[in-house]
Amino acid sequence: MTSRSVRIHRQLATLAACALLAVGCSKAGTAGTASDGSGAGAGAPVKVGLVYSKTGPLAAYGKQYAQGFRAGLDYATKGTGEVDGHRVELSVRDDAGDPAKAVSEAKELIGKGCTILAGSTSSGVALQVAPVAAQNKVLFISGPAAADKITGLNKYTFRSGRQSYQDIRTAAAFLGKDGKSVKGGKVTVLAQDSAFGQANVAAVKEVLGKEGATVKAVLAPPSATDLTPFARQAKSSRPDLLFVAWAGDTASSLWTSLTQQDVFASTKVVTGLDLAASYPLFGPAATKISFLSHYFDGAAGTAVERAMSDAVTKAGAKPDIFTPDGFTAAQMIVHAVRATKGSAGDTSALVKSLEGWSFDGVKGRLTVRAEDHALLQPMFQAKLTGAAAGTGTPKPSVVRTLPADQVAPPVAPMAG
């Protein structure tokens with residue numbers, strides 16, 4: 001594995017799910033008045049602020065998000081950059097994956113009048129920015145950040161990506177003949193004995209354990225380089241499903257160990273499909289793994305996906321795992337602004353316009369659940385082909401699309 005691949009995987013595994021897009025941030029005030037700075041006056045601009053990881057360990061994800069946002073803004077405004085005659089002004093800020101920096105940037109933008117914020121690649125960032133949004137009564141649409149706690153955190157916070165529960169439900173669908181019931185199934189989580197690994201174990205127990213599955217964990221010290229003993233333990237637990245959550249530069253060694261121990265012959269091995277740059281890291285095991293997927297280029301086959309892909313490609317990039325999150329955020333913002341006739345200062349009206357809204361997104365039909373602002377969406381099960389011998393470029397394809405209701409998280413009480 002090259003040093004570049006190691007760096008890529010380390011960044012990927014640290015996933016916490018953005019750049020600051022100020023689209024005409026304005027001071028809270030009375031909707032429809034030109035004096036509130038909201039863009040309510042005839043032709044007045046609407047300012048939106050986008051705070052994302054332009055730099056830092058999640059920069060690759062942040063870049064995708066920002067590219068998707070710009071494509072989505074162009075799509076939702078039909079190339080005009082305006083909503084009902086109100087020009088959208090976009091201000092971008094870098095949080096570098098640091099919650100403290102993100103909060104500082106968000107406060108500065110709010111101080112300048114922003115009432116709409118988007119972004120947050122990292123869950124740690126989103127969980128800190130969301131309370132700031134509530135305190136200042138501004139609309140906040142979180143991006144790739146996957147922490148379940150973001151859903152229902154407060155009435156001003158929404159999300160444009162998926163959450164961890166939807167990932168785990170997608171993994172659970174590999175169990176059983178119908179892919180719906182996990183009762184009686186045996187699940188082993190293979191992970192490192194770290195905060196990242198323990199969080200995955202806890203999540204699987206919380207979701208699948210409560211549904212009747214027996215969940216065990218095989219945890220390896222993060223410093224371990226000989227992973228054969230842990231591959232053997234995973235195999236000896238005889239699970240129906242082996243859920244792998246692995247971080248760091250030993251990933252290739254892990255997949256090699258699982259292959260050498262012939263684990264794939266005795267159980268279904270599931271892990272998350274990350275961005276395209278990570279595909280070669282699976283080596284010869286790539287074609288044997290069952291992947292849960294939020295998104296990959298070409299997964300959905302929708303008209304909106306084609307529009308996003310065309311726009312991003314024209315800009316010299318390629319759609320990837322979190323490009324739709326930015327695109328969706330832009331769709332949500334334009335809808336909210338249009339529903340309030342450009343009065344971005346009426347935050348309550350912005351919030352109300354999004355609650356219960358269903359629309360055609362990149363992945364298909366999406367719905368913002370009114371009760372807790374979860375984004376209900378389809379998820380994918382996928383496979384990689386073209387790298388059976390550890391050579392060539394692995395390519396993903398959809399094995400199954402899970403409808404939004406099958407992977408929908410339970411309703412979370414609105415905290416504030």
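The values are calculated or read from the model by the stated rules, or taken from the named source; none is laboratory data. In this text, all values refer to a predicted model and were calculated from it rather than measured experimentally. Cβ placement follows ideal geometry from the backbone for every residue including glycine, while neighbour counts extend to all protein chains displayed.
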Handout entry: Hey, GLY356 of a type outside the set (Phe, Trp, Tyr) and either at pLDDT below 95 or under 30 Å from THR287 (Cβ atoms) (or both) or not
Key = no
Fill in the blank from the handout: Those strands (runs of 3 or more DSSP E) completely within segment 122-197 that have 2 or more residues that are in the same structural domain as LYS54 (by TED's automatic domain parsing) are 139-142, 157-159
Exercise for the section: For segment 226-253, name all the residues that are buried (at least 22 other Cβ atoms within 10 Å of the Cβ) and assigned to a helix (DSSP H, G or I). Expected result: ALA231, ALA234, ALA251
Exercise for the section: Report whether or not GLY386 is surrounded by 15 or more Cβ atoms within 10 Å (Cβ to Cβ) and within 29 Å of ASP297 (Cα to Cα). Expected result: yes
Fill in the blank from the handout: Within segment 204-221, residues crowded, with 22+ Cβ neighbours inside 10 Å and modelled with pLDDT under 90 come out as VAL207
Practice task
Test each condition in (1) closer than 18 Å to ILE150 by Cα; (2) in contact with a Ser or Thr (Cβ under 9 Å, 6 or more places away or on another chain) for LEU354 and report the one that comes out false.
Solution key: (2)
Practice task
Go through PRO409, PRO403 for me and flag whichever is loosely packed, with under 14 Cβ neighbours inside 10 Å, out of contact with any strand residue (DSSP E or B) (no Cβ under 6 Å at 6 or more places or on another chain) and within 26 Å of VAL269 (Cα to Cα).
Solution key: PRO403
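Going by the conditions given, is ALA100 under 16 Å from MET332 (Cβ atoms) and modelled with pLDDT of 95 or more?
The answer is no for ALA100.
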Exercise for the section: Give the number of residues within segment 102-124 that are on the phi > 0 side of the Ramachandran plot and either among the basic types (Lys, Arg) or surrounded by 24 or more Cβ atoms within 10 Å (Cβ to Cβ) (or both). Expected result: 2
Exercise for the section: State whether the residues of segment 316-330 include one that is surrounded by fewer than 22 Cβ atoms within 10 Å (Cβ to Cβ), among the small types (Gly, Ala, Ser) and either closer than 21 Å to GLY68 by Cα or assigned by TED's automatic domain parsing to the domain that holds PRO239 (or both). Expected result: yes
